[in-house]
Amino acid sequence: MKDTEKKKIGVIPSTDILEMEDGFHIIMDMPGVDADDVTIDIEESELSIRGTSTYMEASSNLRRLHTEFGAQQYERNFTLSDLVDHDNVKAELKDGVLRLYLPKAESMKPRRISIS
């Protein structure tokens, strides 16, 4: 058997997108990724998320016979609608799960009209 190459493999992370009253929530599985290794960009209406896992990469003296948890390159792109307040998006990464909060734009939030 040959050792596994140290080449990063592109992975589309498992993702849930939820709409709640306060906004949209994106929950993304990114095991082995540190917060410093994640980039989140919004350009016009495009949301791009990239993360790199460096699991076991530092151990160069290992002879890898089979690796499914090796270094990974995660990437996911979304098109945002006008419903999202692009300036107030928040992100948190904890225990390999990335959580993004995309609040609804004030003009799109439900409101009650009073009758005069």
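The values are calculated or read from the model by the stated rules, or taken from the named source; none is laboratory data. The model shown is predicted, which means the values in this text are computed figures rather than measured ones. Because the Cβ atoms are built from the backbone with ideal geometry, glycine has one as well, and the counts that use them run over all protein chains shown. The accessibility values were calculated without ligands, DNA or RNA, using every heavy atom of the protein model including side chains. Shrake-Rupley method; radii C 1.70, N 1.55, O 1.52, S 1.80 Å.
So how many residues does segment 30-39 have that are surrounded by 15 or more Cβ atoms within 10 Å (Cβ to Cβ) and either closer than 19 Å to Tyr101 by Cα or modelled with pLDDT of 90 or more (or both)?
Matching residues across segment 30-39 total 4.
Would you confirm, using the coordinates I've provided, whether Asp22 is of a type outside the set (S, T, N, Q), loosely packed, with under 14 Cβ neighbours inside 10 Å and in contact (Cβ under 8 Å) with a residue 40 or more places away in the chain?
yes
With the requirement that a residue be assigned to a strand (DSSP E or B) and either open to solvent by 100 Å² or more (accessible area, probe 1.4 Å) or closer than 15 Å to Leu47 by Cβ (or both), what does segment 90-103 give you?
Taking segment 90-103 as the starting set, the residues that turn out to be assigned to a strand (DSSP E or B) are 90-94, 97-103.
Hits for segment 90-103 are Lys90, Ala91, Glu92, Lys94, Leu98, Arg99, Leu100, Tyr101, Leu102, Pro103.
Look at segment 45-71 and say how many of its residues are part of a loop (DSSP other than H, G, I, E, B) and either at pLDDT 95 or above or touching a His at 6+ places or on another chain (Cβ under 9 Å) (or both).
1
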